[in-house]
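J.: Please see the structure below; I have some questions.
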Amino acid sequence: MMKGTLALFQNLRTLFHYFGRAGWGRSKEQEILSLMLLGHGNKAIGIEKNVMADTVKKHRAQIMAKMEVNSLAELLSLCKDSLRGTS
């Protein structure tokens, strides 16, 4: 895992619980979400996870749909606010 990913990955459980989605997402989706939140693009995530960038793109779309957001900026804002408990 990339530096900083482990702590973020652990915080994702809190995030999913906050949104009433405990147990949400397969492990791969959670890993991709953590890398997305760290600012990595499809190609970098694909290299890290040993998958094609198009596969990452599909996972990103599924994540965005499940989190009910339309943009990465909206997802980042939602996650940041939720982890701080301000949402």
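The values are calculated or read from the model by the stated rules, or taken from the named source; none is laboratory data. Note that the structure is a prediction, hence the values are computed from the model and not measured. Cβ atoms come from the backbone with ideal geometry, glycine included; neighbour counts cover every protein chain shown.
J.: Taking segment 30-53, which residues are in contact (Cβ under 8 Å) with a residue 24 or more places away in the chain and either buried (at least 17 other Cβ atoms within 10 Å of the Cβ) or hydrophobic (A, V, I, L, M, F, W, C) (or both)?
T.: Result: Glu31, Ile32, Leu33, Ser34, Leu35, Met36, Leu37, Leu38, His40.
J.: Among Val69, Val56, which is out of contact with any strand residue (DSSP E or B) (no Cβ under 7 Å at 6 or more places or on another chain), surrounded by 13 or more Cβ atoms within 10 Å (Cβ to Cβ) and at pLDDT 90 or above?
T.: Val56
J.: Right, another one. Of everything in segment 28-70 that's among the polar types (S, T, N, Q) and touching a helix residue (DSSP H, G or I) at 6+ places or on another chain (Cβ under 6 Å), which residue is farthest from Lys80 (Cα to Cα)? Can you show your working first?
T.: Keep residues of segment 28-70 that are among the polar types (S, T, N, Q), which gives 30, 34, 42, 50, 55, 62, 70.
Those left that are additionally touching a helix residue (DSSP H, G or I) at 6+ places or on another chain (Cβ under 6 Å): 30, 34, 42.
On the way: Gln30: 16, Ser34: 12, Asn42: 21 Å.
Ranking the qualifying residues of segment 28-70, first place goes to Asn42.
J.: Residues of segment 35-57 being outside any loop (DSSP other than H, G, I, E, B) and within 13 Å of the chain's Cα centre (by Cα), which ones?
T.: Leu35, Met36, Leu37, Asn42, Ile45, Val56, Lys57
J.: Test Arg13 against the criterion of being of a type in the set (Lys, Arg) and at pLDDT below 80, and give yes or no.
T.: When the stated conditions are applied, Arg13 passes them.
J.: Leu6: surrounded by 14 or more Cβ atoms within 10 Å (Cβ to Cβ), modelled with pLDDT under 90 and either among the polar types (S, T, N, Q) or assigned to a helix (DSSP H, G or I) (or both), yes or no?
T.: Judged against the criteria, Leu6 is not a match.
J.: Given the conditions (1) out of contact with any Ser or Thr (no Cβ under 9 Å at 6 or more places or on another chain); (2) at pLDDT below 85; (3) surrounded by 12 or more Cβ atoms within 10 Å (Cβ to Cβ), report the number of the one that Thr86 does not fulfil.
T.: (3)
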